[in-house]
Amino acid sequence: MPITASEIPLEPGDLIFTSIPYYLYRKVAAATGSKASHVGIAFPDAEGGWRVAESAVPVVQYSKLDRFLARSENGWFCVRRLKSGLTPAQVDALRQACDARLGKLYHLGFKYESSRQFCSKFVYDAYREATGIEVGTLESFSELLHNQPDTSLIFWQLWFFGMIPWSRLTITPASQMESPVLNTIIESPTAA
């Protein structure tokens, strides 16, 4: 039986990883060798539930936890938490860092050095600003795509209109899911 949103043992600031079933996100997952293709930050809401701060298409927003999870393929998700934990002051700073990015447009070219956002950049920047901790690893497209030698480059060549920006820095949900500063709290079984 699948785990419901109310059964997840969340704490403010937890990272929730999902697998978005759309073509682009499947290509992101394939290029990183990970099930995770999306990530957001959990916060309690005024109604006694949870919301997830996320950079989604088209803008940064807060989504209800159950709706955030419902978008994941086969109901899969993984919750990871900072090993050191977060102080109340860090939680407040993290929420402020997320709030400051609300409404920012999504960057479909996954360019880290841009004013636009994408999910893993949003998480990386908010955590670094609020806590000084870097969750995940910045890497060039050259490093990223060469770490998965079986990845077909045809999609990425088409996505970038014939020219993959090899030196462009980016950050992926996979590098955050594998981050040594986090512990896994719960991972859902994949539905059949």
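If I filter the stretch 139-161 down to residues being of a type in the set (Ser, Thr, Tyr) and not in a loop (DSSP other than H, G, I, E, B), which single residue comes out as least open to solvent (accessible area, probe 1.4 Å)? Please lay out each step first, then the result.
Here is the first cut: in the stretch 139-161, the residues of a type in the set (Ser, Thr, Tyr) are 140, 142, 151-152.
When the remaining residues are screened for being not in a loop (DSSP other than H, G, I, E, B), the result is 140, 142.
Working: SER140: 18, SER142: 40 Å².
This residue is SER140.
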Out of everything in the stretch 76-93 that is of a type outside the set (A, V, I, L, M, F, W, C) and buried (at least 17 other Cβ atoms within 10 Å of the Cβ), what residue ends up being nearest to the chain's Cα centre (by Cα)?
ARG80
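Looking at LEU138, LEU105, which is the one that is farther than 18 Å from LEU15 by Cβ and in contact with a strand residue (DSSP E or B) (Cβ under 8 Å, 6 or more places away or on another chain)? Steps first, answer last, please.
Details: LEU138 fails: farther than 18 Å from LEU15 by Cβ.
None of the others qualify; the one that does is LEU105.
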The conditions are (1) open to solvent by 20 Å² or more (accessible area, probe 1.4 Å); (2) within 18 Å of the chain's Cα centre (by Cα); (3) at positive phi, and GLY136 fails exactly one of them. Which is it?
(1)
For GLU134, indicate whether it is part of a helix (DSSP H, G or I) and more than 22 Å from SER63 (Cβ to Cβ).
no
Is it true that LEU94 is without any contact (Cβ under 8 Å) to a residue 40 or more places away in the chain, hydrophobic (A, V, I, L, M, F, W, C) and not in a loop (DSSP other than H, G, I, E, B)?
no
Residues of the stretch 21-50 being under 15 Å from PHE118 (Cβ atoms) and not in a strand (DSSP E or B), in sequence order, are TYR22, LEU24, TYR25, LYS27, VAL28, ALA29, ALA31, THR32, ALA36, SER37
What pairs can you find where one residue is in the stretch 65-86 and over 17 Å from MET177 (Cβ atoms), the other is open to solvent by 10 Å² or more (accessible area, probe 1.4 Å) and not in a loop (DSSP other than H, G, I, E, B), and their Cβ atoms are less than 6 Å apart, with a gap of 6+ or different chains?
LEU65/ALA5; LEU65/TRP50; ASP66/ALA5
Would it be correct to say that ALA130 is out of contact with any helix residue (DSSP H, G or I) (no Cβ under 8 Å at 6 or more places or on another chain) and either of a type in the set (A, V, I, L, M) or open to solvent by less than 10 Å² (accessible area, probe 1.4 Å) (or both)?
no
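Conditions tested, residue by residue: (1) on the phi > 0 side of the Ramachandran plot; (2) touching a helix residue (DSSP H, G or I) at 6+ places or on another chain (Cβ under 9 Å); (3) surrounded by fewer than 16 Cβ atoms within 10 Å (Cβ to Cβ); (4) at pLDDT below 95.
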position	(1), (2), (3), (4)
THR4	no, yes, yes, yes
GLU11	no, yes, yes, no
LEU15	no, yes, no, no
SER34	no, yes, no, yes
SER63	no, no, no, no
LEU69	no, yes, no, no
ARG95	no, yes, no, no
GLY103	yes, no, yes, no
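Mind telling me which of the residues GLU73, GLU54, GLU113 ends up being open to solvent by less than 30 Å² (accessible area, probe 1.4 Å) and in contact with a strand residue (DSSP E or B) (Cβ under 9 Å, 6 or more places away or on another chain)?
On the way: GLU73 fails: open to solvent by less than 30 Å² (accessible area, probe 1.4 Å); GLU113 fails: open to solvent by less than 30 Å² (accessible area, probe 1.4 Å).
The unique qualifying residue is GLU54.
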Taking the stretch 162-180 and the residues there that are in contact with a helix residue (DSSP H, G or I) (Cβ under 9 Å, 6 or more places away or on another chain) and assigned to a loop (DSSP other than H, G, I, E, B), the one that is farthest from SER55 (Cα to Cα) would be MET163
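The values are calculated or read from the model by the stated rules, or taken from the named source; none is laboratory data. All values derive from a computational prediction rather than experimental measurement. Ideal geometry is used to build each Cβ from the backbone, glycine not excepted, and the neighbour counts take in all protein chains shown. Calculation scope for accessible area: heavy atoms of the full protein, side chains included, ligands and nucleic acids excluded. Shrake-Rupley method; radii C 1.70, N 1.55, O 1.52, S 1.80 Å.
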